[in-house]
Every structure is written in structure tokens, then in C-alpha cells.
1. Filter the range 226-238 down to residues that are part of a loop (DSSP other than H, G, I, E, B) and either acidic (D, E) or in contact with a strand residue (DSSP E or B) (Cβ under 6 Å, 6 or more places away or on another chain) (or both), then give me how many there are.
2. Condition first: surrounded by fewer than 22 Cβ atoms within 10 Å (Cβ to Cβ) and farther than 21 Å from G186 by Cβ. Now tell me which residues in the range 90-106 satisfy that.
3. Out of T77, T37, report the one residue that is modelled with pLDDT under 95, within 21 Å of G103 (Cβ to Cβ) and of a type outside the set (K, R).
4. I need a count of the residues in the range 164-202 that are at pLDDT below 55, surrounded by 15 or more Cβ atoms within 10 Å (Cβ to Cβ) and more than 12 Å from F256 (Cβ to Cβ).
5. If a residue has to be in contact (Cβ under 8 Å) with a residue 12 or more places away in the chain and under 15 Å from V51 (Cα atoms) to count, how many in the range 1-23 make the cut?
6. Do any helices (runs of 4 or more DSSP H) entirely within the range 1-65 hold 2 or more residues that are over 30 Å from E272 (Cα atoms), touching a Ser or Thr at 6+ places or on another chain (Cβ under 7 Å) and small (G, A, S), and if so, which?
7. Just a yes or no: is a residue in the range 112-126 charged (D, E, K, R) and under 15 Å from V62 (Cβ atoms)?
8. Given the structure, is K180 in a helix (DSSP H, G or I) and basic (K, R)?
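The values are calculated or read from the model by the stated rules, or taken from the named source; none is laboratory data. Everything numeric in this text was worked out from a predicted model, so none of it was measured. Here the Cβ positions follow ideal geometry from the backbone for every residue, glycine too, while neighbour counts run over all protein chains shown.
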Amino acid sequence: MPDIRSCLEELYLEVFPVEGIEEQLEQLPDGAYLGVTCSPKQGLQVTLDLVDSLQGRDFHLVPHVAARQVRDRAHLTDIVQQFRDQGVESIFVPGGDIVRPVGEYSDSLELLRDLVDVGHSFRHVGVAAYPEGHPGIDDDILVQSLLDKQPLATYMVTQMCFDADRVANWLARIRSQGVKLRVSVGLPGVVDRTKLFRTSLRIGVGQSVKFLRKQGALASALMRSSRYQPDHLIRDLAPTIADPAMGIDGFYLFSFNQVEATVSWQQAWLHELQSTIGEEAQA
């Protein structure tokens with residue numbers, strides 16, 4: 001049965017493909033999963049280039065292939081072949097944040113279908129999920145989208161979340177409607193408070209930000225601090241993680257490229273959990 005410790009032990013962390021990120025990745029523990037995002041401004045090629053330069057590292061690469069940044073089936077075939085040659089076993093397929101597609105794919109479902117047609121061999125294919133809702137898509141459409149993608153994917157990753165109750169209620173609802181994909185819950189890692197709020201509002205998790213600001217002591221502590229850590233959220237998620245019907249596999253940490261700080265935080269949590277287990281065993 002999953003618990004906080006198992007969710008933290010298998011680190012799944014996201015980074016932006018920018019200059020200097022390779023040096024930061026020296027901090028990643030062996031066996032970690034690294035999501036490499038697809039920048040709306042820089043385009044998909046930057047993601048492909050970083051994946052290429054990271055070959056031979058002791059972590060699992062999970063490139064993001066944003067549907068709206070793929071030109072056509074020939075382009076998709078080239079991407080699949082590159083990843084096959086590089087031994088990439090997992091990808092994540094979001095729709096992409098750009099308004100106007102660069103080619104023939106307007107959403108991730110279209111690209112997922114073509115992935116099957118071009119004969120991909122990925123063991124894991126992830127799709128996006130929205131406990132907080134999406135600023136431009138109705139909730140019922142979001143659920144139907146997951147149902148449509150379910151035969152073509154193996155897991156889902158949520159948007160960045162702050163409210164454990166919203167995650168639990170959303171999971172209960174989509175499970176009752178037939179969504180069976182396992183889920184990694186998206187959490188902000190250790191990040192500057194101003195950057196966190198700015199990014200959260202941009203990507204459509206405003207309700208969670210409002211929730212966070214209303215939480216009395218937690219909100220006060222956050223406002224006094226220069227950075228956010230998801231400790232309270234992780235503790236509040238514990239009952240949902242422990243419920244096998246909810247299908248939580250772990251956490252997906254939005255690092256904002258603060259890799260060293262996020263890994264140090266994760267290791268401190270694991271050390272604390274191990275100490276607690278030791279004390280309980282001696283009691």
C-alpha cells in the first residue's frame with residue numbers, strides 16, 4: 001500500500017530546459033525520474049536537445065512532447081525514433097500552452113492516437129489531469145478527455161496542487177466515473193514564494209492559491225518566509241494516499257529548476273520518516 005515514504009522515495013521531478021540546468025542535475029539521486037518540460041517560447045527542439053545531452057545519466061528521462069508543438073506525423077515519427085535510439089522508455093503528452101498549434105495536432109488525444117499508429121514502444125505514457133479544473137475547459141469535458149485517453153496512456157500527472165481535500169474529492173469523482181489511470185499528484189517543490197504565486201495563477205490553480213491564503217497559521221508562515229515547502233499538503237494527503245481505491249503512485253515535484261533545494265528537502269523528509277520508524281520500533 002502506498003504511503004508518504006514510498007511516494008517520496010521514487011523521486012519524479014520536473015525541470016525547464018534552460019542553460020545551466022545540466023550542472024544542477026548532478027544533485028539528482030540515482031534512479032530518479034526527470035520530467036523535461038516543453039517550453040511554449042523556446043519550442044520542442046530545446047527539450048529534444050536536452051534529452052540528447054543527458055544520455056548516460058543515472059536517472060530516467062521523461063520528455064514532454066506537447067501536441068501543439070509537433071508539426072505532423074512525420075515529425076512525430078522522427079521524435080519517436082530519436083527516443084527509441086536513446087533508450088527513452090517514458091514520455092508525457094500534454095496539449096501544450098501555445099494558443100496556435102505549429103502543425104496538425106490541436107490536442108494531446110490526436111497525438112496519442114498517432115503514437116499508436118507509428119508504433120511507439122514506450123513503457124509509460126503520461127497525460128495531464130486537473131483537480132483544480134482548467135481555465136478554458138469544462139470539468140465534464142476534462143473527465144471525458146481522461147476516459148478517451150485512458151486506452152492510450154498508462155498514468156496521469158495532476159496540475160500543481162495545494163489543497164488535499166480538492167485532490168481527494170476530484171479523485172473520488174473521476175474514479176466513480178470510470179477513470180482508472182494511476183496518478184502522480186503534482187506538488188510545488190521548494191520554491192520562491194513570489195514565483196510560486198505568479199506561476200500558479202498563470203497555469204490555472206487560483207482556487208488552491210486562495211485556499212492557501214485562507215489557512216491562518218499556514219498562510220502567515222508562508223507570507224513570512226521567502227520560500228514555500230509542501231510539507232502541510234503532504235501530511236494532509238496521507239489518508240488519500242493510503243486509500244488504494246484512489247490510485248496514487250507518488251508525487252510529481254514542480255522544481256522551478258531549484259533542483260538542489262528540492263532534493264535536499266526530499267532527503268530531509270526521508271530521514272525524518274526513517275527516524276520515526278526507528279523510534280516506533282523501539283517503543
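1. Residues that pass the stated criteria total 1.
2. Those that are surrounded by fewer than 22 Cβ atoms within 10 Å (Cβ to Cβ) and farther than 21 Å from G186 by Cβ: V99, R100, P101, V102, G103, E104, S106.
3. T37
4. Residues flagged as at pLDDT below 55, surrounded by 15 or more Cβ atoms within 10 Å (Cβ to Cβ) and more than 12 Å from F256 (Cβ to Cβ) within the range 164-202 amount to 0.
5. The qualifying residues number 8.
6. none
7. Yes: one or more hits.
8. no
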